[in-house]
Amino acid sequence: MTPISPSLKDGEAKIAEIVYAKDQPEYLPLPVVKQRNGTVTSRWKLSWPERIKVLFRGSIYLQMLTFNMPLQPSSLSVEPPKISWIDCVHPLDGEKARAN
């Protein structure tokens, strides 16, 4: 699995995209869109072999690093989430991103 831009259409809300672990070689860079309510959305692309495994096995595993802190709520979905692009946090100045 590879993390890809969470923007659902070409150029949509690119201004609101933030990349976690951008300069941390021990981690995979994770592009996300962060909303003012704290919701962080990432999107993942499955390789063809991974797609076949999911098709036949019907499951995906999720590992979360909690560093022994309380578990954060999480959600997996095959449907695009409803994102209020107006309420996205701008990565440079913390202002609301404007919809394209």
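Every number in this text was worked out from the coordinates using simple rules, so none of it is lab data. For clarity, every value in this text was computed on a predicted model and none was experimentally measured.
Taking amide H as placed 1.01 Å from N in the peptide plane, the amide H of TYR20 sits under 5 Å from that of LEU30, VAL32, each at least 5 places away or on another chain. Summarising the amide proton neighbourhood of VAL89: residues at separation of 5 or more, or on other chains, whose placed amide H is nearer than 5 Å comprise LYS34, GLN35, ARG36, ALA97. Listed values for region 44-59 are Karplus-derived 3J(HN,Hα) couplings in whole Hz (6.51 cos²θ - 1.76 cosθ + 1.60, θ = phi - 60°), namely 10, 9, 8, 6, 4, x, 5, 4, 5, 4, 5, 4, 8, 8, x, 8, and x replaces Gly and Pro. Summarising the amide proton neighbourhood of ARG43: residues at separation of 5 or more, or on other chains, whose placed amide H is nearer than 5 Å comprise ILE4.
Between LEU76 and TRP48, full extension at 0.36 nm per residue minus the direct alpha carbon distance yields a gain of 8.1 nm.
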